[in-house]
Amino acid sequence: MTQWEVVIGIETHAQLATVSKIFSGASTAFGAEPNTQACAVDLALPGVLPVLNRKAVDCAIRFGLAIGARVAEKSVFERKNYFYPDLPKGYQISQFELPVVQGGSLTVQVGSGDKTYEKTINLTRAHLEEDAGKSLHEDFHGKSGIDLNRAGTPLLEIVTEPDMRSSDEAVAYARALHALVRWIGICDGNMQEGSFRCDANVSVRPKGQAEFGTRREIKNLNSFRFLKEAIDYEVHWQINEIEEGRKIRQATVLFDPDSGETRMMRSKEDAHDYRYFPDPDLLPLVISSEWIGEVKEDMWELPNDRKSRFEREYGLSSYDASLLNTNYDIGNYFEGVVLHALVSGERIGTELSKLAANWVINEVSAKMNQEGDGHPMWKFGVSSETLGHLLRRMREGVIGAKTAKELFTEFWEEARANNYAHHGGHPGKVDELVETRGLKQISDTGAIEALVDEVLTANPGNVAEFKAGKEKAFNALVGQVMKVAKGKANPQQVNELLKKKLAG
Amino acid sequence: MIDKSLKQLGQALAAKEISSVELTTLFLDRIARLNPEINAFVTVDRDKSLAVARAADARIANGTAGPLTGIPIAQKDIFCAEGWTTTCGSKMLANFVSPYDATVIAKLHREAGMVSLGKTNMDEFAMGSSNETSYFGPVKNPWDRARVPGGSSGGSAAAVAARLAPAATGTDTGGSIRQPAALCNLTGLKPTYGVVSRYGMIAFASSLDQGGPMAASAEDCALLLNAMSGFDERDSTSLQRPAEDYARDLEKPLAGLRIGLPKEFFGDGCDPAVMAAVQAALDEYRKLGATTVDVSLPNSHLSVPAYYVIAPAEASSNLSRFDGVRYGYRAPDYDSLDDMYMKTRAQGFGAEVKRRILIGAYVLSHGYYDAYYLQAQRIRRLIADDFVAAFKSCDVIMGPTSPSTAFKLGERAADPVQMYLSDIYTIAVNLAGLPGMSIPCGFADGLPVGLQLIGDYFAEARLLNAAHRFQQATDWHRRRPADIV
């Protein structure tokens with residue numbers, strides 16, 4: 001049987017987080033009454049002209065710098081001509097032959113745990129263009145309504161090389177790109193509102209074959225789950241077609257999340273001739289090295305730089321550092337936790353960093369992952385201050401790890417219950433609950449010693465076993481002490497005292 | 001009063017010899033009397049005009065008036081004017097009332113305080129050289145009502161020629177200010193591309209379109225250009241340059257002026273009677289101290305073909321917004337979206353506009369783009385280079401504006417190529433982005449002949465100087481049709 005290789009390239013439309021539109025002064029805010037945020041330019045009244053918003057160019061430059069691409073010294077806006085009611089001018093201003101960002105790459109972690117591997121996806125280009133309006137097909141009694149609020153919203157279209165070989169790689173790329181555009185502050189990444197949408201070009205070929213198969217493009221995937229499902233379905237469908245002796249014809253398809261299938265939108269023969277030509281209303285976009293320098297100065301640490309810093313400054317492993325850099329917020333959160341976990345006079349050390357990293361990776365990320373795709377990655381159930389404070393109290397010996405975990409979970413559930421409208425708990429609350437619920441750990445040597453003596457007296461069998469060389473008996477004794485202490489005895493002290501007494 | 005220059009009108013208003021309301025009324029009454037025959041105006045709104053005139057009188061009374069405040073002007077119907085129907089000569093926009101002012105309108109109206117008398121007829125979307133493509137019917141040449149006034153700014157030209165307005169705005173994409181100026185005995189100026197804002201000027205071919213003044217004299221044009229020009233942040237192709245007084249050099253003597261005569265403009269193809277008037281004008285210039293030098297624009301024969309690729313290409317895209325969705329004409333009956341588009345555009349556009357949209361779509365389409373559009377852009381560069389070379393040996397280039405005088409209505413309407421050749425001397429100037437003028441320089445069989453003056457980039461003041469000194473020595477520009485009173 002033929003072994004098939006999947007080939008995927010992705011085009012992403014990221015709405016840029018500018019206050020006003022790319023070629024007019026109208027607001028880009030989402031959710032206003034239809035057509036209240038469309039000015040004369042957006043409506044394409046006779047005689048109006050576009051003026052480029054420099055902030056949109058700043059975003060493109062940021063992106064170019066973040067992916068190590070070439071920011072073109074000169075790029076050109078062209079007109080993509082086609083008729084549609086939500087395209088007021090009858091053409092979209094876009095970039096074609098000379099895009100503003102050329103090349104670059106993104107290295108992503110694919111898979112999880114032991115099966116994780118690193119993959120570098122090369123980017124072809126990223127170009128600036130304007131978004132179209134929206135056609136509203138409901139509530140108009142057989143007619144269609146047009147909302148031009150979105151018309152003219154700046155987009156960065158980001159195009160990869162056909163470098164991905166599985167839906168997992170495609171999703172890993174899309175997630176990393178999503179995290180990156182948010183990281184550098186050029187896109188809010190809100191997928192429900194359409195701020196970040198992906199098109200996937202999918203083809204299959206027999207393993208070992210050099211030339212690509214015929215591709216079909218799946219349009220407008222607005223969640224990572226749909227991206228994966230659509231690709232998996234499409235791959236399955238294409239292989240089946242070929243194995244049944246049919247040819248794949250180049251086409252654009254849509255994914256129907258309800259049926260989980262892709263269906264044909266138009267074939268290549270129906271494709272428009274967009275009649276691109278340079279827009280005579282706009283001069284070529286010239287970007288000086290000074291402009292690039294200004295943007296660079298304004299940018300905060302990029303993912304790879306921060307990953308190296310985490311390894312260097314916190315002594316984290318490369319794997320932990322990369323997990324803490326899957327997005328901007330999680331790394332920030334980690335640094336916040338470390339800071340608030342410091343006991344007075346302490347300086348950041350490896351023990352603390354590893355503890356904080358473990359908590360963020362194992363507890364916080366796990367909770368975030370439970371929320372699924374739609375959950376904004378900056379909405380943590382427990383603030384880094386509160387978690388830091390919990391860890392601090394734990395490290396001070398005030399509470400045990402078990403108590404810390406219980407409080408953390410309780411706080412997070414509180415936030416989840418209020419739909420993340422605010423954080424669960426706060427540092428003061430930690431101390432309050434420790435007090436009112438009597439969660440304080442017993443760290444008084446005398447008190448623990450009394451407990452240890454009590455247990456040793458009550459369990460001569462275990463003591464004898466230990467003395468006969470059975471290591472397990474020691475653990476049983478520790479368990480007994482903790483049981484008598486209702487779990488609140490400092491385990492380290494219990495260990496030490498037990499050892500001392502048994503040796504003596 | 002109707003023959004006074006803008007400067008004289010300004011003085012009369014300042015001296016309270018006449019009020020703006022009186023002056024405006026005088027011209028509105030002339031329009032009411034003569035326009036039915038000439039068809040120069042498509043929209044007149046007496047109340048609106050008089051309200052502005054009253055405001056102008058108030059400015060004159062309280063001492064905040066400028067040199068043009070209170071003087072009436074006619075606006076080509078390609079400029080959007082708030083509250084005015086703005087049709088661009090098309091059925092497509094016959095019902096379109098603009099909610100905003102073009103920059104040119106705002107400058108003339110709000111800043112300079114001029115009084116708009118109305119909107120003038122034009123070839124549909126400025127596509128034509130005879131004003132016969134207008135949805136609102138042809139304009140008659142005041143010099144001979146059986147003849148065309150030229151186009152596309154034919155309504156503006158006829159309005160000023162018949163003294164229905166002291167001056168008018170025009171736009172020039174391939175000669176649309178200069179050719180009608182020549183055919184109607186006016187002075188018209190197309191500035192350097194980027195000097196006058198295109199914001200609110202309905203686009204025909206964006207890289208060629210340029211607004212400018214049409215009036216009786218160079219002096220009038222200089223004053224108008226002062227008011228119309230200037231950087232506009234709403235037009236990305238507008239040029240950021242220090243403001244200049246275009247009238248500053250009007251009186252400079254012409255001694256030493258080097259006039260370049262391109263041999264390509266003095267060969268075959270020009271009506272001998274037109275050529276005779278042009279030669280006589282050149283003799284006059286020599287008398288004024290100028291010298292003439294032969295120059296060559298070797299690629300000028302390619303300007304018409306290049307223009308008829310580039311202009312339709314841009315137009316085909318610029319006119320896509322007229323789709324019946326948001327404003328303007330929409331076909332009354334249709335059964336699908338595509339059907340609505342097709343019927344709306346089939347019914348809303350005239351034949352010449354459709355022809356150019358088709359040509360434009362064709363030259364931009366896949367597989368033809370390189371052979372037509374890119375090739376035309378290369379020619380455009382060569383043509384611009386020709387001028388740069390020519391201006392090394394001369395200060396101003398001169399020649400005929402149009403190869404013939406005003407032709408008869410209907411004479412060329414059936415033959416587009418013949419019509420396109422009306423602009424054979426003017427088109428290269430747009431392709432190069434240079435300033436050009438046409439000034440009256442005599443008559444052939446009783447019909448006006450225009451002399452074209454072409455300057456280097458930003459040489460408007462020098463062109464106006466050369467035109468003004470000529471007009472001080474001649475009286476061609478003062479003549480008006482004998483039967484217009």
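Bear in mind these aren't lab numbers, they're just calculated from the coordinates by the rules spelled out. Remember, predicted model here, so these are calculated numbers, not experimental data. Cβ placement follows ideal geometry from the backbone for every residue including glycine, while neighbour counts extend to all protein chains displayed.
Could you work out Rg/(2.2 N^0.38 Å) for region B:402-469, with Rg from alpha carbons only?
Here the Cα radius of gyration is 1.29 times the empirical estimate.
Using alpha-carbon positions, what is the distance between the centroids of region A:66-83 and region A:303-333, in Å?
32
So which of A:Lys80/A:Lys268; B:Lys48/B:Lys76; A:Lys440/A:Lys486; A:Lys80/A:Lys143 end up more than 22 Å apart by C-alpha?
With Cα atoms farther than 22 Å apart: A:Lys80/A:Lys143.
Over chain A, what is the relative contact order in percent, taking alpha-carbon pairs closer than 8 angstrom and at least six residues apart?
Once normalised by length, the contact order is 13 percent.
Where a ≥ b ≥ c are the square roots of the eigenvalues of the C-alpha gyration tensor, would you call region B:343-485 rounded, which needs a/c under 1.5, or, failing that, prolate if a/b is larger than b/c, or oblate?
In terms of gyration-tensor shape, oblate.
State to the nearest 20 debye the size of the charge dipole of the protein assembly as shown about its Cα centre, where the only charges are +1 on K and R beta carbons and -1 on D and E beta carbons.
580
Work out the mean other chain Cβ neighbour count within 10 Å for the residues of B:321-328 and drop it here as an integer.
Counting Cβ atoms of other protein chains within 10 Å of each residue's Cβ and averaging gives 6.
Taking each residue of A:82-88 in turn, how many C-beta atoms of other protein chains fall within 10 Å of its C-beta, and what is the average?
The shielding value for this peptide is 4.
Tell me the mean residue ellipticity at 222 nm calculated for chain B from its helices only (DSSP H runs of n ≥ 4, each -39500 (n - 2.57), averaged over every residue, nearest 500).
It lands at -11000 deg cm²/dmol.
Taking R0 as 51 Å, what FRET efficiency do you get between B:Arg248 and B:Asp370 from their Cβ-Cβ distance, rounded to the nearest 0.05?
Plugging the Cβ-Cβ distance into 1/(1 + (r/R0)^6) gives 0.65.
Given H placed on each backbone N at 1.01 Å, which residues far from A:Leu285 in sequence or on other chains put an amide H within less than 5 Å of it?
For A:Leu285, whose amide H was placed from the backbone, the distant partners under 5 Å are A:Ser75, A:Val76, A:Phe77.
With each run of n ≥ 4 DSSP H residues scored as -39500 (n - 2.57), what mean residue ellipticity at 222 nm is computed for chain A after dividing by its residue count and rounding to the nearest 500 deg cm²/dmol?
Result for chain A, helices only: -12000 deg cm²/dmol.
Can you work out the Karplus-derived ³J(HN,Hα) for every residue in region B:410-421? Use 6.51 cos²θ - 1.76 cosθ + 1.60 with θ = phi - 60°, whole Hz, and x for glycine or proline.
x, 4, 10, 4, 8, 10, x, 5, 4, 5, 5, 6
Give me a single rounded figure for B:195-206: the average over its residues of other chain Cβ atoms within 10 Å of their Cβ.
3
Using the C-alpha atoms of chain A, what convex hull volume per residue, in cubic angstrom, is computed?
223
Out of residues 5 or more away from A:Tyr82 or on other chains, whose amide H comes under 5 Å of its own, with H placed 1.01 Å from N in the peptide plane?
Here the answer is A:Tyr91, A:Gln92, since their amide H atoms fall under 5 Å of that of A:Tyr82.
Suppose we keep just the DSSP beta bridges with both residues in the protein assembly as shown; what percent of those would be antiparallel, to 5?
Just about 85 percent of them are antiparallel.
How far is it, in nm, from the label point at B:Gln240 to the one at A:Leu254 when both lie 7 Å from their Cα along the line to the Cβ?
4.5
Quote to one decimal, in nm, the extra length available between A:Ile239 and A:Thr116 on full extension: 0.36 nm per residue of separation minus the C-alpha distance between them.
41.6 nm
Highest mean first, what order results for A:153-163, B:192-202 on Cβ atoms within 10 Å?
B:192-202, A:153-163
When the distances between all Cα atoms of region B:190-316 are binned every 5 Å from zero, what whole-number percent does each bin get?
2, 9, 12, 14, 17, 19, 17, 9, 3, 0
At R0 = 60 Å, how high is the FRET efficiency between A:Lys472 and A:Val286 if r is their beta carbon distance? Nearest 0.05 is fine.
That gives a FRET efficiency of 0.20.
Excluding same-chain residues fewer than 8 positions from A:Lys115, which aspartates and glutamates have a Cα within less than 16 Å of its Cα?
Within reach: A:Asp168, A:Glu169, A:Asp320.
Taking the Cβ-Cβ separation of A:Thr457 and A:Arg437 as r and a Förster radius of 22 Å, what is the calculated FRET efficiency to the nearest 0.05?
It comes to 0.15.
Run down the lysines and flag those whose C-alpha is under 20 Å from the C-alpha of A:Lys467, throwing out any fewer than 8 positions away in its chain.
The reachable lysines, counting only those whose Cα sits under 20 Å from A:Lys467, are A:Lys499, A:Lys500, A:Lys501.
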